[in-house]
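The structure appears right after this line, and notes come after that.
None of the figures in this text is laboratory data; all of them are computed from the coordinates on show. Keep in mind that what you see is a predicted model, and the values were worked out from it rather than measured. Virtual Cβ from ideal backbone geometry, glycine too; neighbours counted across all protein chains shown.
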Amino acid sequence: MASAYNPIYTDVPEKDVFALHFLQTLSNLRTQNSFSSPDNKTSDRVKKIKKAAYVSMARAAGGTNRLWSRSLLHQAAKRNNKNVRFLRRKRRVTWLMRRRSNRGDPIEDVAAERLRNLVPGGGGMETSKLMEETAHYIKCLSMQVKVMQCLVDGLSPK
Amino acid sequence: MSSRRSSRSRQSGSSRISDDQISDLVTKLQHLIPELRRCRSDKVSASKVLQETCNYIRNLHREVDDLSDRLSEFLASTDDNSAEAAIIRSLLDY
């Protein structure tokens, strides 16, 4: 059965990749005139930075190659009302996979449901695929947190 | 499209994920979560791993929120050139 099952590949790029993408997104933000103007409310600024963090993380992690990053980018683009062109996965496959996972082990279902709500794009996945995506998502999230922590540490007054 | 073909084969071939594969993935997740890495016994149940995973992800989200808050303060208060220089310097030093 090993041949039928894809090996778990949860390799995550180096911290530099995440840092680079985050810096690019941040500098794009700064070139927008609305960003550093005094009329801009703090909450708006924070929201934009937070969105920049997630979008840059999704791009650094492999763009549209992973389900969670693809879903993140899709959500972000939809909020900007941009026309998004992604490879459309067949919706029918999603529905069938959901039926299959509902027939699965009841032990994991309750916690898996909570996990599905936390991981972007987790709605239509089987439990095993969900856990793969979760592992990758956790690695990328912790990388992103490290990058942001470095930034904050470097910027705070000595 | 090759992607379509592969998803179809996965759908028909793996109709029942074996327990070994699930426990494999659970162990892998267990290694990633700091709290569970300390008690490295095999007695950690799958539901506990999943629950701790949820908590860990929520914590990470909260940290991202908090760091975004602090970053926005810095980026607003300093002017362009010095902020960029400070950012690049801080990232090169880690």
note = Phi angles of segment A:14-28, converted by Karplus (6.51 cos²θ - 1.76 cosθ + 1.60, θ = phi - 60°) into ³J(HN,Hα) in whole Hz with x for Gly and Pro, give 5, 4, 4, 4, 4, 4, 4, 5, 5, 4, 4, 5, 5, 5, 4
task = Step through the residues of segment A:41-58 one at a time and calculate ³J(HN,Hα) from phi using the Karplus curve (6.51 cos²θ - 1.76 cosθ + 1.60, θ = phi - 60°), rounding each to whole Hz and writing x for Gly and Pro.
result = 6, 4, 5, 5, 4, 4, 4, 5, 5, 5, 5, 4, 4, 5, 5, 5, 5, 5
query = Each residue of segment B:45-56 in order: what ³J(HN,Hα) in whole Hz does its phi give by Karplus 6.51 cos²θ - 1.76 cosθ + 1.60, θ = phi - 60°, with x for Gly and Pro?
reply = 7, 5, 5, 5, 4, 5, 5, 5, 4, 4, 4, 5
request  = From other protein chains only, count the Cβ atoms within 10 Å of every residue's Cβ in A:16-22, then give the mean.
outcome  = 2
message = Greater than 21 Å separation of Cα atoms is the criterion. Which listed pairs, A:LYS47/A:LYS129; A:LYS139/B:LYS48; A:LYS15/A:LYS139; A:LYS15/A:LYS129; A:LYS48/A:LYS146, meet it?
response = A:LYS47/A:LYS129; A:LYS15/A:LYS129
ask   = Local charge sum around A:SER142 (other residues, Cβ-Cβ under 11 Å, Lys/Arg +1, Asp/Glu -1)?
value = +2
